[in-house]
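The values are calculated or read from the model by the stated rules, or taken from the named source; none is laboratory data. In this text the structure is predicted, and so the values were computed from the model without any measurement. Cβ atoms come from the backbone with ideal geometry, glycine included; neighbour counts cover every protein chain shown. In case anyone asks, the SASA skips ligands and DNA or RNA and just uses the protein heavy atoms, side chains included. Shrake-Rupley method; radii C 1.70, N 1.55, O 1.52, S 1.80 Å.
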Amino acid sequence: MPLALLALAVVAFGIGTTEFATMGLLPQIADGVGVSVPHAGHLVSAYALGVVVGAPLLTGIGARIPHKRLLLLLSGLFVVGNAASALAPDFGLLFAARFLAGLPHGALFGVGAVVASRLVAPGRAARAVSKVFLGLTVANIVGVPASTALGQQLGWRSAYWAVTAIGLVALLMLACFVPHQPRGRQSGVRTELRAMGNRQVAIGMAVAVVGFGGFFAVYSYLVPMLTNLTGISNSSTTLVLALYGVGMTLGTLIAGPLTDRALRPTLYAGLALLAAALVTFYFTVHSLVPALLTITVIGAMGSLITTPVQMLLMAKAKNAPTMAAASNHSAFNLANAGGAWIGGLVISAGWGWAAPSLAGAALALAGLGLAFTGGLMDRGGRRSEVIMEGSAAPDQETRTVT
């Protein structure tokens, strides 16, 4: 079991590295393919678009494929997409390659979360899922700075080759360590789509888009906020972003045990504390040490939200949790785009570089309101049960969400 979870975490590490490394190498990429830096920024959007499209599409296509085989196929596509990125001779083909690399992102996380939850006893499922997410947060501390430095020293293509190598290692580990998990009798794209029609699934997705949008409203503009208001030099911002990653890792570590004990209270607390931290950052951003401490807390509270949202969607989708778990990552990418857009709006309106903090806090509170709405709806009916998708016996294992 630990080696299987490690294999899934390595997949997440590769995904986190390739998703954010492009941002740190935009000047080098722009020079390499002969476009402006703002034009090269569309490559980030291409990857995000791939995630949004690929999560439900590939999960639906693979609805009847056994989980381990599907993980191997998706990991192979991830490797191909990053190798194509390294080989792309011009901007158009690089744009297509980044879209291709983003396609398996959500499906890998969704299938990985379902597989991880079934590797352990029901009362430890959230801890297992959080260990998979740990690979994503560690990527922000190690993978992204390392790939950025590699790309700056040896050329931007070397960063994508490094991610390709990580993908190959993950593929080998998945083949060796993840056990076979058969699909249940009810598996299929129709079952998955019916599960997506559940009102609680829709509310959970909205919580991810709106609530986590508050996180990205600040994260997207963190570097100019720090250089213009805190007085940090451009050369030091990489270390600050790594500190953000440390906070995200701490949040992920505590999210698993807390979610296993009380899912909805953990979600409520995460959103409320995220809003409070964002408001605090509005006042501390002008002082170095308080700003750094607040950044760490924002990172931790942002990650504290991810595990309960993932487990909530898997619970509400009942015996077809894979597409809901995968589409959660489409929601997070929509949160990325929406949060960045709203943060940019308040800056453009002349409210100052600190204004995204207050806009982000408002989004986090709106997400909290949606989460409470879902909780109140649950009280009107019976408690939710998670039906383990791979169980084919009539006495399917169930898990209660509180």
*What residue, of A139, A126, A146, is at pLDDT below 90 and in contact with a Phe, Trp or Tyr (Cβ under 7 Å, 6 or more places away or on another chain)?*
A139
*Residue check: is W341 outside any helix (DSSP H, G or I) and either touching a residue at least 12 places away in the same chain (Cβ under 8 Å) or under 21 Å from the mean Cα position of the chain (by Cα) (or both)?*
no
*Please work out which residue is farthest from G123 (Cα to Cα), limiting yourself to segment 250-263 and to residues that are assigned to a helix (DSSP H, G or I) and open to solvent by 20 Å² or more (accessible area, probe 1.4 Å).*
L250
*asked:* Being under 14 Å from the mean Cα position of the chain (by Cα) and assigned to a helix (DSSP H, G or I): is that true of A4 here?
replied: no
*Of all residues in segment 1-53, count the ones that are crowded, with 23+ Cβ neighbours inside 10 Å, without any contact (Cβ under 8 Å) to a residue 60 or more places away in the chain and closer than 26 Å to A325 by Cβ.*
2
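For (1) assigned to a helix (DSSP H, G or I); (2) surrounded by fewer than 24 Cβ atoms within 10 Å (Cβ to Cβ), each residue gets a yes or a no:
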residue: F99; (1), (2): yes, yes
residue: G110; (1), (2): yes, no
residue: A116; (1), (2): yes, no
residue: V120; (1), (2): no, yes
residue: G123; (1), (2): yes, yes
residue: F133; (1), (2): yes, no
residue: T137; (1), (2): yes, no
residue: N140; (1), (2): yes, no
*Would you be able to say whether some residue in segment 303-322 is touching a helix residue (DSSP H, G or I) at 6+ places or on another chain (Cβ under 7 Å), closer than 18 Å to A361 by Cβ and surrounded by fewer than 24 Cβ atoms within 10 Å (Cβ to Cβ)?*
no
*Filtered residues of segment 270-294 (kept if surrounded by 16 or more Cβ atoms within 10 Å (Cβ to Cβ) and of a type in the set (F, W, Y))*: F281, Y282
*Which of the residues that make up segment 55-79 are in contact (Cβ under 8 Å) with a residue 60 or more places away in the chain, open to solvent by less than 40 Å² (accessible area, probe 1.4 Å) and under 18 Å from T164 (Cβ atoms)?*
L71, S75, G76, F78, V79
*Taking the stated definitions as given, is N234 open to solvent by 50 Å² or more (accessible area, probe 1.4 Å) and at pLDDT 85 or above?*
no
